[in-house]
Structure formats: C-alpha cells, structure tokens
Amino acid sequence: NKDQRLQFQVTRYGQNERLVVARDITSLHKLGQMRKDFVANVSHELRTPLTVLKGYLETLADADDKPEAWQKPLAQMQQQCSRMHMLVNDLIALSVLETEVNPERHQPVALYPLLNRLIDETHSVAKQPRNLVLNCADDIAILGVEKELQSAFGNLITNAIKYTPNTSTITVNARKDQYGLQVEVADNGPGIDAKHLPRLTERFYRVDDSRNSATGGTGLGLAIVKHALSRHDARLDISSQVAKGSSFTCHFPKQRLLQITPQ
Ligand code: ADP
C-alpha cells in the first residue's frame, strides 16, 4: 500500500543479532499532512481579505478631510495590517517548502549574481546606507531552485540588517571547502546569547520578543532558511558571541556545487 508509512527501529545485540521494531505511523503522517494543508489553506484564504483591508486603510490614510483623531489609530491599523501580511506571506513560504521536492525543478543557479542582487535589494529597503561586503567567485553555481535559495540567503542578509546597528559591517562569503560549498552571512553586531542558539530555527522563536517586535520580524525567517536549505541537502550552522557578532553558514555538499562559465 503506497500510502502506508512505516518507521523502523533497529537495535544491535552482540555481533549477529538485531531486533527490528516496525511501527505503523500512517495515521501520524496523515495528521501531519492535514496540519500542513490546513496552514497552507488558511494562509491563502487570509491573503485576500488582508489585501482589501490594506487598500481601504490606504485610501482612508490618504484622505485630506479625515478627522485629526483618526491619525494615530489609522497608522496603528496600517502597521498591524503590514505585520499580518508579512506573517501570512512567511506562512505561505513555509508551506511551499513543506511540499515534496521535485528534482526536475533543480537547475544550476549562478551564485555571484544571486547574492549581488540580494545585497542590492536589501540595500534599497534598508532605511540607512549599510556596509555590506560580498566575497564570491563568479564561476560558482548551486544545483537547486533559485526562489528557494534566494529566500534562504535573503532572510539571512535581511536579519543581519535588522538586528545590527547601522555602523556594523555585514559580510557575505562564499567559499569552496573539502565537503562542498559554504555560504556565510556574518556580522559584527550585538550577537546572540549561547542559550538561544539551539532554538533559533524553531517556528516563532524570537530572542527577545518585546525588543524585537520593533524590528517587525515574524519569528519564521530562520525556519524558512532551514527548510529551504534542507531541500538542497544543505544545513545551517550558527555561531555567535555577545557583543562580537554572529555568523550563519550554509553548508552545501559537493554534489550541489557546479562550476560555470561566468556570463
Ligand atoms: P524574525 O522574523 O524575528 O527575524 P528569525 O527566525 O529570522 O525571526 O530570527 C529569530 C531570532 O534570531 C530573531 O528574533 C533575532 O532575535 C535573532 N537573530 C537573527 N539573526 C540575527 C543577527 N544577525 N544578529 C542578532 N540576532 C539575530
């Protein structure tokens, strides 16, 4: 039965003996799938009414004859609407990353132009000019899905901008190593206390919710990064030191690394 899911647990006894326990996890798997479908459907359904609300709020905010007392509540409503929009978009992005991988969609993605474009884009949305440095050879490509790689690296670069002061330097380094390829986004910002590091990629986990709510994140960014990477057989390593800075490194295995002729 192709819908059946079994989980095997193998225990070794001595040289030649094994105890194999098979567990039927079909109903657990179905439940997981229902949860994923539910989140995907709800997020999609929320997007349309939110867009309508956002539109009307903009019209009200732009009206010249609106009462003075509306100013503050309107601004608050617009801010909360944008927050909800971000949340819904991140939830949709996550549910897309939970669908099955289609190897046919994996193509060579040139790394230098991708990182360069992401840096340019984040530069233009950052409120202040930022010091961003890119070190990447122009003949490297990753076998993968461009949109997913873009959301992984994009989230790391945006975080580095969001969580560091304007005077910090953000460095993006792509380098080959003996296992394949590393893409690192490093900053010399405030860093993260070691006790938070193991939980950072959990959904909705934020280091300091009250302080961070001002930055407008959803707590889903690093969960998106982790999912997008695992679809490329890659993993995320986080190291950080308080008052020194943070480094987020994506490790891609050799079979994902391609050599290309730069255009
Ligand atoms: P968010 O949507 O809140 O940005 P993320 O999952 O992207 O969620 O990040 C989780 C938390 O990790 C953030 O709330 C922030 O506290 C912390 N964080 C992420 N990147 C950095 C960084 N470069 N420097 C300091 N803290 C960071």
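Picking from residues in segment 102-128 that are outside any helix (DSSP H, G or I) and without any contact (Cβ under 8 Å) to a residue 12 or more places away in the chain, the one that is farthest from the chain's Cα centre (by Cα) is Lys127. Entry remark, segment 134-168: residues being in contact with a His (Cβ under 8 Å, 6 or more places away or on another chain) and part of a loop (DSSP other than H, G, I, E, B) number 1 in total. Of all residues in segment 73-99, exactly one satisfies the criterion of being out of contact with any helix residue (DSSP H, G or I) (no Cβ under 9 Å at 6 or more places or on another chain) and hydrophobic (A, V, I, L, M, F, W, C), namely Met86.
Scanning segment 167-180 for residues that are of a type outside the set (Lys, Arg) and under 25 Å from Leu91 (Cβ atoms) turns up nothing. Within segment 169-177, one or more residues are within 9 Å of the ligand (Cβ to nearest atom), touching a residue at least 12 places away in the same chain (Cβ under 8 Å) and part of a strand (DSSP E or B). Restricted to segment 59-88, and to residues there that are open to solvent by 60 Å² or more (accessible area, probe 1.4 Å) and in contact (Cβ under 8 Å) with a residue 60 or more places away in the chain, the residue that is nearest to the chain's Cα centre (by Cα) is Met86.
Here Thr99 meets each of (1) outside any helix (DSSP H, G or I); (2) more than 21 Å from the chain's Cα centre (by Cα) with one exception, condition (2). Strands (runs of 3 or more DSSP E) fully within segment 219-263 that include at least 3 residues being farther than 27 Å from Leu87 by Cα and out of contact with any helix residue (DSSP H, G or I) (no Cβ under 9 Å at 6 or more places or on another chain): 257-259. When we screen Leu46, Leu50, Leu91 for residues that are buried (at least 16 other Cβ atoms within 10 Å of the Cβ) and in contact with a Leu (Cβ under 8 Å, 6 or more places away or on another chain), the only hit is Leu91.
Specify the residue that is farthest from the ligand (Cβ to nearest atom); the eligible residues are those in segment 192-219 that are modelled with pLDDT of 95 or more and surrounded by 17 or more Cβ atoms within 10 Å (Cβ to Cβ). Only one residue tops the list, namely Thr201. Of the set (1) open to solvent by less than 80 Å² (accessible area, probe 1.4 Å); (2) more than 19 Å from Leu222 (Cα to Cα); (3) part of a helix (DSSP H, G or I), all apply to Val39 but (2).
Selection over segment 133-165 of residues that are within 16 Å of the ligand (Cβ to nearest atom) and over 11 Å from the mean Cα position of the chain (by Cα) gives a count of 7.
The values are calculated or read from the model by the stated rules, or taken from the named source; none is laboratory data. Since we're looking at a predicted model, the values are computed, not measured. Neighbour counts run over all protein chains shown; Cβ positions are idealised from the backbone, glycine included. The accessibility values were calculated without ligands, DNA or RNA, using every heavy atom of the protein model including side chains. Shrake-Rupley method; radii C 1.70, N 1.55, O 1.52, S 1.80 Å.
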